[in-house]
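The values are calculated or read from the model by the stated rules, or taken from the named source; none is laboratory data. All values derive from a computational prediction rather than experimental measurement. Here Cβ is always computed from backbone atoms with ideal geometry, including for glycine, and neighbour counts include all displayed protein chains.
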Amino acid sequence: MTRDRGRPAKNIQGINRWLQNWADDTGELSGRLRHRVGVIAVATMLHGRRGKDGEPLFLLKGGSALELRYGAKARVSRDVDLAYQGNLEEIVGQLKAAAVTGWPPFQAAVREPQELNIPWANVSGYRVDVKLSYAQRPFMTMSLEIVTTPVAGTELVDTISLSPVGLDPPEAIPCLSLPYQIAEKIHACTDQLDGEVVNDRATDVMDLILIEDFSFPDRFALPDVRLACIAVFNDRDRHAWPPVVAAQPTWPAIWAQLVEDHQFHVSHIDEAVARVNQFITRIDSA
C-alpha cells in the first residue's frame, strides 16, 4: 500500500526516494511517475495565469491530459501539450511569469522558445524547454509544445493525487475539453499533410480508442463532439468533416511498439483503424 506523506520532501534525495517507493508499491516505472509529477508541477504553475475574463490562459491537452484523466491506463507521452487562449507573442512572457512564481519547493527556468512548423493557418506555437528544480536541485526538463487555439472548450479535470510524494496540487487542472480533444486527434490522424511528409500520428488512434473505452458515455455526449469536430475542421480548413482514417506506411511498426509498450488490447493496426472509423461514424450520426 502506498504511503501518504504529510509534507513535501525536504530535498531532492527525499523526493527521489519517495518516487522509488511509489513505483515499488504500484508497479509503475519511477520515470513515468517523475514525469507525472513534473506535468502537474508545470500545470500548477500555469494555473494562476488568467486572461482579462478570468479564464485560464493555458489548457493541458494531448497525452498528458489523458494521463491526468486515466493515470497508468493512458499512453506514455514525453511531451507536454498545451493550448494557449491568447496571442502567440504573449506565450513566453506568461510562461516566464509563471516560472517566477514557481510551486515551492519546485522552481522553473524557461529556455529559448523554438517556433513550431504547423501546417494549419490559424494555429501557431512554440516548443519550449522548462527546467524544473526541486529545492534548488535539478529535477527534470519538461518539453512543452504550446499552440494558440482559436476554438477550444475548457474542462476542469480532477488532479491525480501526489500524496505519495507529499505534494498538494490544485484539486483540478484546466484542460482542453474531451469533445475538442477528440476533434483535434481525429483531425491530426486524418490530415494528409503536404503529400511528401508522412502522417505518423498512429498514437492518436490509440488515444481515441482509450477515450471511447474509458469516458463514453459518462464524460461526453456525441452531439457535443460532432459540434467540436465541425468547428476544428472548419477552422483548420485542411480536409472535410467527416474524414476516414487510413493507416499510413509507418503505422504498423509504430502500432506494434505501442501494443508491446502498453500491453494494449487492440493488437493490430487495421482493427484499431476500423474502431476509430466506427467512432467517427457514430459521432457524425449524432
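Residue count for the stretch 213-265 under the criterion of being under 19 Å from the mean Cα position of the chain (by Cα), in contact (Cβ under 8 Å) with a residue 60 or more places away in the chain and crowded, with 18+ Cβ neighbours inside 10 Å: the result is 4.
If the condition is being over 21 Å from Trp103 (Cβ atoms) and either assigned to a helix (DSSP H, G or I) or not assigned by TED's automatic domain parsing to the domain that holds Ser133 (or both), then the stretch 15-54 contributes Gln20, Asn21, Ala23, Asp24, Asp25, Thr26. Put simply, of Trp251, Trp241 the only residue that is under 24 Å from Val151 (Cα atoms), touching an Asp or Glu at 6+ places or on another chain (Cβ under 8 Å) and aromatic (Phe, Trp, Tyr) is Trp241.
Residue count for the stretch 266-286, restricted to those that are outside any loop (DSSP other than H, G, I, E, B), crowded, with 17+ Cβ neighbours inside 10 Å and touching a Lys or Arg at 6+ places or on another chain (Cβ under 8 Å): 1. When we screen Leu162, Leu156, Leu167 for residues that are without any contact (Cβ under 8 Å) to a residue 24 or more places away in the chain, touching a Pro at 6+ places or on another chain (Cβ under 7 Å) and not basic (Lys, Arg), the only hit is Leu156. Screening the stretch 79-105 for residues that are in contact (Cβ under 8 Å) with a residue 40 or more places away in the chain and of a type in the set (D, E, K, R) and picking the one that is surrounded by the most Cβ atoms within 10 Å (Cβ to Cβ) gives Asp81.
None of Ala183, Ala152, Ala172, Ala121 is under 28 Å from Ile283 (Cα atoms), in the same structural domain as Val232 (by TED's automatic domain parsing) and among the hydrophobic types (A, V, I, L, M, F, W, C) except Ala183. Tell me, which residue of the stretch 162-194 that is polar (S, T, N, Q) and assigned to a loop (DSSP other than H, G, I, E, B) is modelled with the highest pLDDT? For the stretch 162-194, the residue satisfying everything is Ser177. Each residue in the stretch 121-139 was checked for being exposed (fewer than 13 other Cβ atoms within 10 Å of the Cβ) and either on the phi > 0 side of the Ramachandran plot or in a strand (DSSP E or B) (or both), and 2 pass. Within the stretch 49-78, restricting attention to residues that are touching a strand residue (DSSP E or B) at 6+ places or on another chain (Cβ under 9 Å) and over 29 Å from Ile209 (Cβ atoms), the residue that is surrounded by the fewest Cβ atoms within 10 Å (Cβ to Cβ) is Glu55.
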